[in-house]
Every structure is written in structure tokens, then in C-alpha cells.
1. Cut-off is 10 Å between beta-carbons; in what order do Phe133, Phe109 appear when sorted fewest neighbours first?
2. So for the pair Phe185, Leu86, with labels modelled 7 Å out along Cα→Cβ, what separation do we get in nm?
3. Whole-Hz ³J(HN,Hα) for each residue in the stretch 177-184, computed from phi via Karplus 6.51 cos²θ - 1.76 cosθ + 1.60 with θ = phi - 60°, x for glycine and proline: what do you get?
4. Amide H to amide H, which residues 5 or more places from Leu78 or on other chains are under 5 Å from it, using H placed in the peptide plane?
5. Return the sequence-ordered ³J(HN,Hα) values of the stretch 83-88 in whole Hz as given by the Karplus equation 6.51 cos²θ - 1.76 cosθ + 1.60 applied to θ = phi - 60°, using x for Gly and Pro.
6. Within 10 Å of each residue's Cβ, count the other Cβ atoms and sort His115, His74, His186, His101 from fewest upward.
7. Roughly how many nanometres apart are two label points built 7 Å out from the Cα toward the Cβ at Leu177 and Ser111?
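Nothing in this text is a laboratory measurement; each read-out follows from the coordinates by a stated rule. Quantities reported herein were computed from a predicted structural model and do not represent experimental measurements. In this analysis, Cβ positions are derived from the backbone assuming ideal geometry, glycine residues included, and neighbour counts consider all displayed protein chains.
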Amino acid sequence: MHEETAETVHMSGAVWVAGTSPCPQPTLQVTVTSDRRKRVTCTVMAVADTGAQVCVGGKELLTALSLQPVQLKHRAGLRDVADMPLQLLGSAVCTITHGGHSIRQEVCFVSSARHLYLSLTASVELGLVPRGFPNNLQVVASIAHVLPVRQPGLMNILPTRPTAVPLPPLEENVDRLEEWLRRLFH
């Protein structure tokens, strides 16, 4: 489907409940092979969805793998993050390959998916996220000071972060604080 190198990263818009994503989802190129007698391989864009419990693909992937809905295993329904039912077409076991790692996963096919969404388990097994995720992530508590970015021939891109606010954050000081912020970051 896509002829690009494995290092290629694309972005896709993600739909969130009651709005659109403020930032696009990173996608990566993977190879998917159906585990049927007639093995068909295709290359698709995938999203590592660390909140997903199962891998989910759409009609486009189903077609690329030359699978028909009647060939799929029928299983209980799926629900999205908002607990809304998804139109499940069925599932099939597939081999997913990325970056030298190959895994076998059951992929659930739904009408609405635009990409292959990799579950947390698949993302870990493919080496996309560390084992134990998210419990092994280091948390940054705070930033004490932001230094301005300086480049030869260019003015400062970022202003120095203020260390104190000149007035108490009270309703009667809103206008003066707004003016102070405008002058500071102009």
C-alpha cells in the first residue's frame, strides 16, 4: 500500500471524544501478513496505541490482506475509549513486523479504523515501548528556569521565564497582569 522506508514517520489526525486531537498521532510503517493458507503480505501505517487492549484494523487492511468478512473469526463486540460499541467485522491472526521484530497477534477488524492500531502488548513486543510501560517512565516534577534559545544572527526565540509575578493573582489585578505579560512576551 505504501512504498516508503521503515524509518519514515507520518502523522495522522486522531478523533477524540467530543473533539479532535490537539496534536496528530505518530504513525509508523509495519508489514502485516495474514496467517491463512494463502498468505498475503502488505505494508501499512500503524499507530502504537498504548491504551488499546487489542490490535484493531479497518476495511482497507482487510482488503489489502485479501480477506473477506466471512473468513474472519467472530468474537464478542468491542468498545472504544468512550465505551461506545464499534462495528466489529471479526478478527484474524496476523504476523506484524517492524524494525526486525515479528509478532503474531489477533487483529480485530472494525469499519471505522483508518490505520492499524497496535495494542500495548503488540507495542511492547515490537520494541516500540519499554516493558512495564507506563510504570517505568521517569516523571519530571518541575522546571526551575527556561533559558532562551540563541542562534547566531537571530533574536531570542524564547523569552526568559519570569521568576516572580509583580502583582498578586487577584481579580482586580487582571488587567495590569495581562499588560505585564504582553510587554514581557512581546
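1. On the way: Phe133 13, Phe109 26.
Least crowded to most crowded, the residues run Phe133, Phe109.
2. Going by the 7 Å Cα→Cβ label model, 3.8 nm.
3. 5, 4, 4, 4, 5, 4, 5, 5
4. Leu86, Leu88
5. 6, 8, x, 9, 6, 7
6. Listed from fewest to most nearby Cβ atoms, that is His186, His74, His101, His115.
7. 5.0
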